[in-house]
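The values are calculated or read from the model by the stated rules, or taken from the named source; none is laboratory data. As the structure is a prediction and not an experimental result, all values here were calculated from the model. FYI the Cβ positions are ideal-geometry reconstructions off the backbone, even for glycines, and counts take in every protein chain you see.
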């Protein structure tokens with residue numbers, strides 16, 4: 001995922017950019033924060049952001065000073081200036097110092113996301129924004145339902161949550177949170193629940209060997225399956241059959 005950094009001392013601006021930017025849509029993590037240019041440089045050295053939003057008027061180190069240092073140290077990052085002043089001087093100097101865009105406060109959603117797309121296009125000219133925006137039109141709740149349906153039908157397969165995260169541009173952590181909120185159970189706990197319920201059904205047929213059931217449920221080691229079953233139900237598969 002691409003990373004962003006906001007260098008601005010105004011909390012309201014940090015919140016506005018954080019909420020109005022279509023971060024998941026553009027396959028980005030939510031932005032990190034710094035409240036002045038000096039903090040911003042430290043943050044860049046630690047985080048290595050791809051896109052940096054920088055205010056012109058800040059304490060300790062202002063935007064012009066920050067851009068001079070940051071552009072020299074991190075020439076590949078894309079810098080977007082944010083300012084409360086519609087001033088040709090600021091715009092001209094920010095462009096000279098390597099900023100790719102200049103947007104005014106208060107932050108307007110469309111202008112912000114246009115700037116983000118401009119930066120991403122410079123970082124990755126082949127990026128298909130039409131595709132990412134269409135895929136993002138599906139909600140996280142709908143993706144959670146897709147994951148649940150996948151587990152119900154493919155419980156014997158090892159679930160790769162990163163597949164759904166990459167496809168729909170939601171972080172794995174966020175999808176896990178939404179899944180649990182919708183179904184009151186964690187994703188991997190649900191995988192185990194489905195497998196164990198299916199195990200009970202298969203064990204009722206005594207013609208089926210436990211090794212075969214283990215393989216059918218996606219366990220390559222029957223001992224591991226037996227241990228998982230015992231931990232879940234309190235008895236082994238063999239004891240369940242006897243009972």
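When residue 42 is tested against (1) touching a helix residue (DSSP H, G or I) at 6+ places or on another chain (Cβ under 9 Å); (2) over 25 Å from residue 171 (Cα atoms); (3) assigned to a helix (DSSP H, G or I), exactly one condition is not met: (1).
Residue 64 meets all of the listed conditions (1) assigned to a loop (DSSP other than H, G, I, E, B); (2) more than 30 Å from residue 172 (Cα to Cα) but one, namely (1). How many residues are in contact with a helix residue (DSSP H, G or I) (Cβ under 6 Å, 6 or more places away or on another chain), part of a helix (DSSP H, G or I), closer than 29 Å to residue 172 by Cα and touching a residue at least 24 places away in the same chain (Cβ under 8 Å) when one looks only at segment 200-235? Qualifying residue count, segment 200-235: 3.
Among the residues of segment 45-56, is any touching a helix residue (DSSP H, G or I) at 6+ places or on another chain (Cβ under 6 Å), assigned by TED's automatic domain parsing to the domain that holds residue 17 and assigned to a helix (DSSP H, G or I)? Taking every residue of segment 45-56 in turn, none turns out to be touching a helix residue (DSSP H, G or I) at 6+ places or on another chain (Cβ under 6 Å), assigned by TED's automatic domain parsing to the domain that holds residue 17 and assigned to a helix (DSSP H, G or I).
Just one of the listed residues (16, 70) is outside the structural domain of residue 162 (by TED's automatic domain parsing) and touching a residue at least 60 places away in the same chain (Cβ under 8 Å), namely 16.
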